[in-house]
Amino acid sequence: MIPAKFDWQLNQNVLSDEQKDIATKLGISPLIISILFSRGYKNIDDIKSFLTPQIENLRDPYLMHDMQKACDRIKKAIENNEKITVYGDYDADGITSTSVMYETLVNLGANVTYFIPNRFKDGYGPNPQKYEAIINDGTSLIVTVDNGISGNKSVELANNMNCDVIITDHHKIPDDIPEAYAIVHA
């Protein structure tokens, strides 16, 4: 393990009496309370709700743009045993979302593989050369996770090679979005 370069210290004087009180009542580190306050969770009920989420409080995912279309296409690919490639990203949320999407598709019985680019060799986001190689290897559906919203050239290439692309991303939407089969953006 790489040793830490810094020994972070929380300045207890920065915390308000209210924050210290909430930390004590909930038995939570004052640092966590400070972070939650900075994220807009300013009272004990909001903090409890955030830290102990309930399924009934989740929003309907089908309210997201193209969600039904994306699910229907993935279902069709699974039923037809099409090869699906999850195209991830090399950062923490990219690797996590790649794992979640891959495991979900495996559990649904999909013929699925994944690709996580090397930031030094493949660059950031969809790489047209990698798309071409993935499609030439038999993929007919690419599902991006944590990338793709700016991947116009890669999506155009995929479309020209008769491969559908479903983009799932959370980055800023550019003025010129790709002509993907579906775009699910959070």
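Laboratory data are not the source of any read-out in this text; all were calculated from the coordinates shown. These figures come from a predicted structure and were not determined experimentally. Cβ placement follows ideal geometry from the backbone for every residue including glycine, while neighbour counts extend to all protein chains displayed.
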For the pairs LYS130/LYS172; LYS42/LYS69; LYS48/LYS83; LYS48/LYS121; LYS5/LYS130; LYS48/LYS75, note any where the Cα-Cα span goes beyond 32 Å. LYS42/LYS69; LYS48/LYS83; LYS48/LYS121; LYS5/LYS130; LYS48/LYS75
Electrostatic dipole magnitude of the stretch 72-168 [Cβ: Lys, Arg +1; Asp, Glu -1; Cα centre; debye, to 20]: 140
Could you compute the net charge surrounding LEU36? Neighbours are other residues with a C-beta less than 15 Å from the C-beta of LEU36; K and R count +1, D and E count -1. +1
Round to a whole angstrom and tell me the spacing of the C-alpha centers of the stretch 64-134 and the stretch 172-186. 16
Cα gyration tensor category, rounded, prolate or oblate, for the stretch 117-175 with a/c compared to 1.5: oblate
For the stretch 84-145, just say rounded, prolate or oblate: build the C-alpha gyration tensor, square-root its eigenvalues into a ≥ b ≥ c, call rounded for a/c under 1.5, and beyond that prolate if a/b exceeds b/c, oblate if not. oblate
Under the rule rounded for a/c under 1.5, else prolate if a/b exceeds b/c, else oblate, using alpha carbon gyration tensor axes a ≥ b ≥ c, the stretch 61-185 is classed as rounded
What's the magnitude of the charge dipole for the chain around its Cα centre, counting Lys and Arg as +1 and Asp and Glu as -1 at the beta-carbon? Answer in Debye, nearest 20. 300
